[in-house]
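A short write-up of the structure that comes next.
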Amino acid sequence: MSDKKLDTVREPEGAKAHAENPAIELSPRSVDYNSKDHRRSRKAYLIECAFEYFVALLVSDAFLVKLLQDIGMDDATVGIMASLISLAFVFQLFSIFVVQHISNTKVFAIIFHFASQIFFMALYFVPFLPAVEGSNYRHVLAVACIMIAYFGNYLVTSVIYKWGNSFVEPHHRGRYCATKEMISLISGMAVTLIIGYVMDHFEAANNLHGGFIFAACGIFVFSICDLVCLLLIKNDKKPKEKIKKEIVPMREVMRNTLGNKNFLSVLLLAVLWEVAKGVSIGFLGTYRLNAHELALTVGAVQIINMVGNLVRFGLSRPFGKFSDKYSYSKGIELALVMATASFVVYAFTAPGNRVFVWTMVILFSVLYHGCQAGVGQNMHSILYNYVDSRYFVQASAIKSSVGGLCNFGSALLASRFLQYVQSNGNSLFGMHIYGQQVLAVFSIVLTLAALAVAHFVVSKQKRMVQ
C-alpha cells in the first residue's frame, strides 16, 4: 500500500473537507480504483472479513466461557483468558521486523492466517482430553492453542488490513469499512444464533461436547471460505532487489512512529480505550451466565448480542459517512460518548427482577455494540491521517501491541479486585455490590479520559489523506 496512489478525479468530498478544514493535506496523485482487479479485490476482502469474524465469534464471549468452564477454570481465570486476546496483540510487534522483507504478500498472509484458524478449531477439542486429578494440563493446552492461533493471526493482521484497503479510494474508506462491518455483522448474527441454539440444545441434553464438535466443524468450514477469499485478492509482489532498496533502518521506522507526536497522541487514545475495556468487558461473560448472578443462558446472551449487533449494523453506515465528512477522530469522539453511556448502564445492572435484568443487559448491549460502529474501524483508519503510509503496518503493530498489553494488564488487576469483592460476599466498604459493577465505574472514568484526549488533542492535529 506504500505504492498506493490517490484518486484526484473522484475526491469531491475530500476537496470539500479540505476547504472546510485546511488541516487536511491532499496528495495530487491518481490511480484507477475502478479496474477489474481492484473491484474483485475489494469484494473479496469484504467477504473475507466476514468469515474471519465468524471464527472470532466462536472463540469469544459466551462460547469461550462455556469451553473454559468445561475444563475447570474458575471465574477470575476465565476473565483473564477472555482478555488474553488483548495480550496476544503483542504478536503484531513481530510484523515490524518482517513487513519490509515480504516479497509475496498473498503467500505470507495465507500461511499464517489459515494456520491460526486451525489452532482455533483445535481449542474445541481440548475438553475431550481426559481430566487428570491435580493436573491443569488441559488449561495449559487451551492457553497454548489460543496463543499460537493469535500469533499467526496478529502477525498478519496489519499486513492484510493494509493490503485489503489498498484497493479502496481514500475518501470513501469510511463507508467501505462500514459496508464491510455491516456484512460481517448481519451474517455473524445468523451464525451466532444458530450455533448458540445448537449448543444450548446439546447442553440441555447433557451433551455439551456435542456442541463443541459442531462449533469446531463450523470453524473449519469458515476457514476454508476465508482462504478462498484471500486467494481472490490481487497479489502484492515485489522483486527482492526492489525490497532491498526500500528497506529503511529501524531507527527511521521508530522516528516516524514513536518519534511522531501525532502518532503518540493516537497511541494514548488507544491505550485509554483498551484499558477502559480491559477492566470490565472480559468479566461480563461470567456475570451474565452464572446462576448466582444474572443467570442468562448462552442462547439468551446470543439473542441479546444480536440485538446489539442490529444496532451496530444500523449505525455503521452513518458512522462511516460521518467519519468521511468530518474525520476519523470525530467519529471516535461520538462513539466514546455512547461507550460512556453503556458503562453507566453496566454499573447499575444487578441481579433482581428478570424484566429489569433483561432490560439493562439489552440496553448495555445496544449502547456498547453501537459505539463499536464508530470506534472499531476508525481506530484503525485514523493512522492514515497521522502516519506516513510507508510505516502504517509498523504503527498499527505498535498501537495494537501497546494497547493490548495495557488491556491485559488492566484485566489482571481487575481480576484481583473481583476476587477480593467476591471473597467478601459481594461487599465493598460495607455495601452489597457486585465486583463487575465497580469495574464498570472504572471503565466510565477511563472512557471519559479517552474522550477528552480525542476531542482536545487528536482532533486538533494536522491530518493527511493517503
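See the values below:
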item: Pairs where the first residue, in region 41-56, is touching a residue at least 24 places away in the same chain (Cβ under 8 Å) and within 16 Å of Ile186 (Cβ to Cβ) and the second is of a type in the set (S, T, N, Q) and in a helix (DSSP H, G or I), C-beta under 6 Å, 6+ apart; result: Cys49/Ser184; Ala50/Ser184; Ala50/Ser187; Tyr53/Ser184
item: Every residue from region 156-213 that is open to solvent by less than 10 Å² (accessible area, probe 1.4 Å), of a type in the set (Val, Ile, Thr) and farther than 30 Å from Tyr45 by Cβ; result: none
item: Flag for Gln466 being open to solvent by less than 30 Å² (accessible area, probe 1.4 Å), more than 26 Å from Tyr150 (Cα to Cα) and either in contact with a Lys or Arg (Cβ under 8 Å, 6 or more places away or on another chain) or part of a strand (DSSP E or B) (or both); result: yes
item: Candidates Ile102, Ile80 - the one that is within 27 Å of Ala276 (Cα to Cα) and in contact (Cβ under 8 Å) with a residue 40 or more places away in the chain; result: Ile80
item: Region 202-250, residues that are among the acidic types (Asp, Glu) and more than 28 Å from the chain's Cα centre (by Cα); result: Glu203, Glu241, Glu246
item: Qualifying residue in region 360-374 (condition: surrounded by fewer than 17 Cβ atoms within 10 Å (Cβ to Cβ) and either not hydrophobic (A, V, I, L, M, F, W, C) or not in a helix (DSSP H, G or I) (or both)); result: no
item: The one condition in (1) open to solvent by 20 Å² or more (accessible area, probe 1.4 Å); (2) of a type in the set (Val, Ile, Thr); (3) at pLDDT 80 or above that Thr297 fails to fulfil; result: (3)
item: Lone unmet requirement of (1) part of a helix (DSSP H, G or I); (2) at pLDDT 90 or above for Asn206; result: (1)
item: Condition check for Met379: farther than 30 Å from Ile247 by Cβ, hydrophobic (A, V, I, L, M, F, W, C), touching a residue at least 12 places away in the same chain (Cβ under 8 Å) and open to solvent by 10 Å² or more (accessible area, probe 1.4 Å); result: no
item: Some residue of region 268-283 being open to solvent by 40 Å² or more (accessible area, probe 1.4 Å), without any contact (Cβ under 8 Å) to a residue 24 or more places away in the chain and under 25 Å from Val387 (Cβ atoms); result: no
item: Helices (runs of 4 or more DSSP H) completely within region 32-107 that count 2 or more residues being in contact with a Lys or Arg (Cβ under 7 Å, 6 or more places away or on another chain) and open to solvent by less than 40 Å² (accessible area, probe 1.4 Å); result: 36-57
item: Filtered residue count, region 415-433, keeping only those that are assigned to a helix (DSSP H, G or I) and either open to solvent by 40 Å² or more (accessible area, probe 1.4 Å) or closer than 18 Å to Thr349 by Cα (or both); result: 8
item: Candidates Val311, Val344, Val337, Val307 - the one that is β-branched (Val, Ile, Thr), under 18 Å from the mean Cα position of the chain (by Cα) and at negative phi; result: Val311
item: Test: residue in region 276-283 that is part of a helix (DSSP H, G or I), in contact with a Cys (Cβ under 8 Å, 6 or more places away or on another chain) and under 24 Å from Leu439 (Cα atoms); result: yes
item: Some residue of region 117-130 being open to solvent by 40 Å² or more (accessible area, probe 1.4 Å), in a loop (DSSP other than H, G, I, E, B) and either closer than 26 Å to Pro249 by Cα or modelled with pLDDT under 90 (or both); result: yes
item: Positions within region 396-413 being closer than 17 Å to Ala339 by Cβ and open to solvent by 20 Å² or more (accessible area, probe 1.4 Å), in sequence order; result: Cys406
item: Gln436 being polar (S, T, N, Q), closer than 20 Å to Pro351 by Cα and crowded, with 23+ Cβ neighbours inside 10 Å; result: yes
item: Single residue of Tyr53, Tyr45 found to be within 30 Å of Gln461 (Cβ to Cβ), among the aromatic types (Phe, Trp, Tyr) and either modelled with pLDDT of 90 or more or in contact with a His (Cβ under 6 Å, 6 or more places away or on another chain) (or both); result: Tyr45
item: For Asp324: the one exception among (1) in a helix (DSSP H, G or I); (2) touching a Pro at 6+ places or on another chain (Cβ under 8 Å); result: (2)
item: Qualifying positions in region 382-395 - open to solvent by 10 Å² or more (accessible area, probe 1.4 Å) and either touching a strand residue (DSSP E or B) at 6+ places or on another chain (Cβ under 8 Å) or not basic (Lys, Arg) (or both); result: Asn385, Asp388, Ser389
item: Matching option when the condition is touching a Phe, Trp or Tyr at 6+ places or on another chain (Cβ under 7 Å) and either at pLDDT below 90 or among the hydrophobic types (A, V, I, L, M, F, W, C) (or both), among Gly331, Gly308, Gly320; result: Gly308
item: Meets criteria (open to solvent by less than 20 Å² (accessible area, probe 1.4 Å), under 13 Å from Met379 (Cα atoms) and part of a helix (DSSP H, G or I)) for Ser329; result: yes
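The values are calculated or read from the model by the stated rules, or taken from the named source; none is laboratory data. Every value quoted in this text rests on a predicted model; they were computed, and no experiment measured them. Note that each Cβ is placed from the backbone with ideal geometry, even for glycine, and that neighbours are counted across all protein chains shown. Quick note on the areas: whole protein, heavy atoms, side chains included, nothing else; ligands and nucleic acids left out. Shrake-Rupley method; radii C 1.70, N 1.55, O 1.52, S 1.80 Å.
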